[in-house]
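These notes concern the structure reproduced below.
The values are calculated or read from the model by the stated rules, or taken from the named source; none is laboratory data. These numbers were taken from a predicted model, which means no experiment stands behind them. Note: ideal-geometry Cβ built from the backbone for every residue, glycine included; neighbour counts use all protein chains shown. Please note that ligands, DNA and RNA were not included when accessible areas were found on the heavy atoms of the full protein model with its side chains. Shrake-Rupley method; radii C 1.70, N 1.55, O 1.52, S 1.80 Å.
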Protein chains: 2
Amino acid sequence: MNATPATSARRAASVAPPVRAARERILDTAFGLFYAHGIRGVGIDRIIAESGVAKATFYKYFPAKDDLVLAYLDKVDAVWSEQLHAAASAAGPDPAAQLVGMFDALDSACRREGYRGCAFINAAAENEAGTPIHTRTLRHKNQVRAWVRQLAVDANAADPDALARSLTLLLDGGLASGSVDAGADAPVVAKAAAQALVSAAVA
Amino acid sequence: MNATPATSARRAASVAPPVRAARERILDTAFGLFYAHGIRGVGIDRIIAESGVAKATFYKYFPAKDDLVLAYLDKVDAVWSEQLHAAASAAGPDPAAQLVGMFDALDSACRREGYRGCAFINAAAENEAGTPIHTRTLRHKNQVRAWVRQLAVDANAADPDALARSLTLLLDGGLASGSVDAGADAPVVAKAAAQALVSAAVA
DNA sequence: GCCGAGGTAGACAGATCTGTCTATTAGTGT
DNA sequence: ACACTAATAGACAGATCTGTCTACCTCGGC
């Protein structure tokens, strides 16, 4: 936006497909393809073709397919956590209300075109325990549950661990059956059940 | 058990690896391997090697890999449904108690060595919507929910559909997170949550 | 003694997938 | 003008996977 001797990266960025666009294009393409077709269902060649990148460039940024998968899962983690937090916040300042409100994120997800369940659960189904991908999934699930648990603590739940567990069970159930069923009532029922469980636990 | 001129099949069956043993051996081997490593993670060659069968024999009984996968899912369906029904029955004649009791099947499943979640959810994760395998999964989930719904009707639940949905959500959540987490408290918490939901719905 | 059914063993074709490597092109700072 | 960096295009090796096909073997029934 100015004429100072900006770095080359800056200059290029303001003009055309610039320096770091390649990595991002790969990741964006992988995000869509992995989610839609499963990790094993998408080959490197297809990602390369659809992201318009050369093979050497791909392997420069992601030395192995698993590295891309891990980056994909990091991205899913960021996106989904953000949606969960946003839905909770939208329910107002009361932590008990937030515990219920987070189910709105499930509802939005299930309505989304091409919804195919939880990317982490799907990834875990394709990769055995102990692999980096499976471990990454475990970490994600633990993070979400820890966040829910804190909300439960803030809401003065009698047993925050149990409440967090039951709510994440409901959430995972909604996500998992969404990959199969996608019944429109699932998220609504899940939210109602969550409401009941929260009310009982906080009373 | 007698000396009448029995059919050759009968005779053979009482002696050694007889006629239809080959098909069964293949299916049993596939059952273990598919569940443990995922469908895509197990090749035909491995199934052949571990079931001690010739390739031609394999393709005689299962013209394509998908045929074997479908047979595998049928078997899983039979086994899991049986466990669910047994757990429910064990809770006594009261349908409301049975709705809670079925969660004991989840508990047993999670404790089992090598537990890796719901075979159907895992299968669906590896196969896109519209494929026979995905469709088979959908059918299974619908069947289970229909059975639970009937139990809810028998229990005079105010809204049997909603109760059935919320309970299967909890169940699927337990199954799905079991493929990742396997936290020992999950089944216990799921059962407690189910108890709360059933009590509220039947009151 | 012989035949036929069902099984075994394994080579083979063809597709697909991951990852490597070479040769070339375009833009940037000096 | 020149060197450097980043990217492109695509051939290639090596592994793996599905499914076909040939050749042989074994055993019960007639």
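Ligands, DNA and RNA excluded, the heavy atoms of B:Cys118 present near 10 Å² of accessible surface to a 1.4 Å solvent probe. Taking a straight line from the alpha carbon of A:Lys60, these lysines sit under 29 Å away, with near neighbours fewer than eight places off in the same chain left out: A:Lys75. Distances between copies of A:Lys55, taken at a point 7 Å out from Cα along the Cα→Cβ vector and listed shortest first: 2.7 nm. Per residue of peptide B:119-130, the mean number of Cβ atoms on other chains within 10 Å of the residue Cβ is 6.
Ranked by the mean number of other Cβ atoms within 10 Å of their residues, highest first, the peptides B:172-179, A:95-102, A:58-65, B:184-191 come out as B:172-179, A:95-102, B:184-191, A:58-65.
Kindly point out which whole DSSP H helices in chain A project their C-alpha atoms 15 angstrom or further along the helix axis while averaging a Kyte-Doolittle hydropathy of 0.5 or above. Spell out each step's value before the answer.
Numbers: long enough: A:21-37 (24 Å, 0.19); A:65-90 (37 Å, 0.11); A:132-154 (33 Å, -0.78); A:160-178 (27 Å, 0.61); A:185-202 (25 Å, 1.21).
Answer set is A:160-178, A:185-202.
In the elastic network of chain B, a GNM with C-alpha springs shorter than 10 Å, the most mobile of B:Arg46, B:Arg23, B:Arg112 is B:Arg112. Taking every DSSP helix (H) stretch of at least 4 residues in chain A, weighting each as -39,500 (n - 2.57) and dividing the sum by the residue count yields a mean residue ellipticity at 222 nm of -23500 deg cm²/dmol. Ranked from largest to smallest solvent-accessible area, with a 1.4 Å probe on the protein heavy atoms, B:Thr135, A:Thr29 come out as B:Thr135, A:Thr29.
Between this copy and the others, label points of A:Asn142 are 4.0 nm apart in ascending order, each placed 7 angstrom from Cα in the Cβ direction. Only Cα pairs under 8 Å and 6+ residues apart enter the sum, and on that basis the relative contact order of region A:154-203 stands at 64 percent. Considering only A:Ala124, A:Ala90, A:Ala152, the Gaussian network model of chain A with Cα springs below 10 Å gives its largest mean-square fluctuation to A:Ala90. Note on A:142-151: average number of Cβ atoms from other chains within 10 Å of each residue's Cβ is 1. For region A:18-63, what is the relative contact order in percent, using Cα pairs closer than 8 Å and at least 6 residues apart in sequence? RCO, region A:18-63: 44 percent.
The mean number of Cβ atoms from other chains found within 10 Å of a Cβ in peptide A:154-167 is 3, as a whole number. Distance from the C-alpha centroid of region B:114-156 to that of region A:168-200: 15 Å, rounded to the whole angstrom.
Here is how far apart the A:His85 label points are across copies: 4.9 nm, shortest first, using a point 7 Å from Cα toward Cβ. Charge dipole of chain B (Cα centre as origin; +1 on each Lys and Arg Cβ, -1 on each Asp and Glu Cβ, all else neutral): 840 debye, rounded to the nearest 20.
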